[in-house]
Amino acid sequence: MADVVDAPELPGGILRFTLPMFPPLDHVHLWLIPTGNGWAMFDAGFPTPQGVDKLETEIQPLLTDGRRLEAVFISHYHPDHTAFAGRLQRAFDCDVYIHEADWERMQLMQRMRESEDGSGEAFRRRFSSGWAESLEDHEFEGEQSQDQRDSMFSRMREELQNIDLPMPEPTLLNGGEQIDIGGRQFEAIWTPGHTEGHLCVRELDRNALFTGDHLLGRITPHVGMWPDQERSPLPDFEQSLELVHELNASIALPAHEAIIEHPAERAAEILEHHQVRRREMLNAVSDGDHSVKDIAIRCFPRRAGDRMQLTMAMSETVAHLEALVEEGELTRSGPGVERRYHLS
């Protein structure tokens, strides 16, 4: 595996702050990059009271000590990367950058929050992905009931409801833009896969790459497909990994876990991982016609007993299966959650 280090001396005075979030990841990093006149930030944290405390006691003092925050880059729309962007923009009148596709998703999530009655039901329906709703409760004996899971979501919402989280007014990017911030040069790199509008940002002077969830050192980013999607995001993700490999950055600074000292090697490892997954999928259907759930359990057996983990496994499985259909290796029959696959 490519070398992954926990806390090396960072190039160019870059600072890392780690904010808490809910399991299974438990944390998310945001990055401060010094510029000639202040700071640029990559990603904007997850909304917890502990995160607010860290923002107010450790991060904002740096931004008000004669060096203002000039820009915030958002890698993608997921809430562990966006939470404080609007709050920081309001405080420092800074620019906020996000890919236009993920800005649409971020606005959709905000509209859903505003339309909810406090139960979290709209969120649960939208982000259950359809795969979860195809699973039967009796398959997960000993798990919490749906009422208990919704209650947990409601308690989480109650804990966070007093946090001020205004939406930003962003500058929309498409990838390829070069942006000068206080004399420091940044390049926005479109890396779809984990989300449609995922962005990495390269600091050109030192060739440091801020990767969000696109490139992680130990785990592989989730690349999933929901029942209503028409095309697998996996081929786009793999093209994005090939681009990162070609960039050959000096260091990668991801949103979770350790810093990656050899990003090109890690990109190659993840590309090979998805080829291995393809072979596993082909083997799983070699003896006949199978459902998404059956194939997911064969390829991800340790996830079979947990509804959320199995749901994620099913979405990852379909992303690989549909890529194989596109490549002519498999044939699909049936719509949505009813789809089945067999060898071509």
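The values are calculated or read from the model by the stated rules, or taken from the named source; none is laboratory data. Computed from a predicted model, the values in this text were never measured in an experiment. Reconstructed Cβ throughout: ideal geometry from the backbone, glycine too, with neighbour counts over all protein chains shown.
With the requirement that a residue be under 15 Å from residue 233 (Cα atoms) and touching a Leu at 6+ places or on another chain (Cβ under 7 Å), what does segment 318-344 give you?
319, 320, 321, 323, 324
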If you go through segment 295-344 one residue at a time, how many are surrounded by fewer than 16 Cβ atoms within 10 Å (Cβ to Cβ), at pLDDT below 95 and assigned to a helix (DSSP H, G or I)? 6
When you go through 19, 63 one by one, which is the residue that is in contact (Cβ under 8 Å) with a residue 24 or more places away in the chain, part of a strand (DSSP E or B) and buried (at least 20 other Cβ atoms within 10 Å of the Cβ)? 19
Can you tell me which of 111, 157, 125 is exposed (fewer than 14 other Cβ atoms within 10 Å of the Cβ) and modelled with pLDDT under 80? 125
Residue 315 versus (1) within 24 Å of residue 238 (Cα to Cα); (2) in contact with a strand residue (DSSP E or B) (Cβ under 9 Å, 6 or more places away or on another chain): which is the lone unmet condition? (2)
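Please indicate, with yes or no, whether at least one residue in segment 225-246 is in contact with a Ser or Thr (Cβ under 6 Å, 6 or more places away or on another chain), at pLDDT below 95 and either of a type outside the set (S, T, N, Q) or buried (at least 20 other Cβ atoms within 10 Å of the Cβ) (or both).
Restricting attention to segment 225-246, the residues satisfying the condition of being in contact with a Ser or Thr (Cβ under 6 Å, 6 or more places away or on another chain) are 225-226, 240.
Okay, now just the ones that are also at pLDDT below 95, so 225-226.
Then drop every residue that is not either of a type outside the set (S, T, N, Q) or buried (at least 20 other Cβ atoms within 10 Å of the Cβ) (or both), which leaves 225-226.
Taking every residue of segment 225-246 in turn, at least one turns out to be in contact with a Ser or Thr (Cβ under 6 Å, 6 or more places away or on another chain), at pLDDT below 95 and either of a type outside the set (S, T, N, Q) or buried (at least 20 other Cβ atoms within 10 Å of the Cβ) (or both).
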Restricting to segment 89-112, name every residue that is without any contact (Cβ under 8 Å) to a residue 60 or more places away in the chain and of a type outside the set (D, E, K, R). 91, 92, 94, 108, 109, 110, 112
Can you pull out the residues in segment 209-266 that are in a loop (DSSP other than H, G, I, E, B), among the acidic types (Asp, Glu) and closer than 19 Å to residue 319 by Cα? 213, 228, 230
From the residues in segment 66-93 that are of a type in the set (Asp, Glu) and touching a strand residue (DSSP E or B) at 6+ places or on another chain (Cβ under 7 Å), which one is surrounded by the fewest Cβ atoms within 10 Å (Cβ to Cβ)? 70
